[in-house]
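Presented below is the structure to which this report refers.
The values are calculated or read from the model by the stated rules, or taken from the named source; none is laboratory data. Note that this is a predicted model, so its numbers are computed, not measured. Here Cβ is always computed from backbone atoms with ideal geometry, including for glycine, and neighbour counts include all displayed protein chains.
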Amino acid sequence: MKYVYSFALLIFLSCQSPNDMKKQKDISKVEEVSLKNNFQIYIPKKNSFVDSLVNSISELRDLKISIEDLTKLNPNGIESFLDETLIKCDNLLNLKNKYLISRPEIRGRLKVLKINILKCKFNNNQNDIKNLNESLKKLFISYNILLERLEGLK
């Protein structure tokens, strides 16, 4: 009988690891970062060169509307906005017959804009809100630079 108790005690002690007994569970709080809504985009003056250019090229107008929608986004539905914006940017990049859009400096800015949209999509898919905010900031900056470049072409 004495051996049975000793054997049971030995089994009980062997099941517990000394490291498990010393470890304290470290439960860190997940830092919640909300999506920022204070992004500023370039809005061309009424009847300016860029405004008339945006209104004359439907693909550019669609991209402008899509970017403006992103500034008013709902974090739960950002994926559909990003998809739409990517499609609009691709449509604009695929234009061949518009002289100003086919210029290398404008096409380059459109490609940078597309890369920033893709970064936003990646960060959104990873549920990385902090990097998504940073990517959105870069997206809007690249959009602003694109419109400023267009303004400089007149």
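Can you name the residue in the stretch 88-137 that is under 28 Å from residue 58 (Cα atoms) and of a type in the set (Asp, Glu) and is also nearest to the chain's Cα centre (by Cα) among such residues?
90
Anything in the stretch 143-154 that is surrounded by 19 or more Cβ atoms within 10 Å (Cβ to Cβ) and either within 15 Å of residue 114 (Cβ to Cβ) or out of contact with any helix residue (DSSP H, G or I) (no Cβ under 7 Å at 6 or more places or on another chain) (or both)? List them, or say none.
Selection gives 143, 146.
Restricting to the stretch 45-80, and then to whatever is over 24 Å from the mean Cα position of the chain (by Cα) and among the polar types (S, T, N, Q), can you tell me which residue is surrounded by the fewest Cβ atoms within 10 Å (Cβ to Cβ)?
47
Test residue 83 against the criterion of being surrounded by fewer than 17 Cβ atoms within 10 Å (Cβ to Cβ) and either among the acidic types (Asp, Glu) or on the phi > 0 side of the Ramachandran plot (or both), and give yes or no.
In short, yes.
Would you list the helices (runs of 4 or more DSSP H) that sit entirely within the stretch 1-116 and hold 3 or more residues that are at pLDDT 70 or above and within 29 Å of residue 147 (Cβ to Cβ)?
49-56, 58-71, 78-93
I'd like to verify a number: residues in the stretch 114-154 that are under 26 Å from residue 52 (Cα atoms), touching a Cys at 6+ places or on another chain (Cβ under 8 Å) and touching a residue at least 40 places away in the same chain (Cβ under 8 Å), how many?
1
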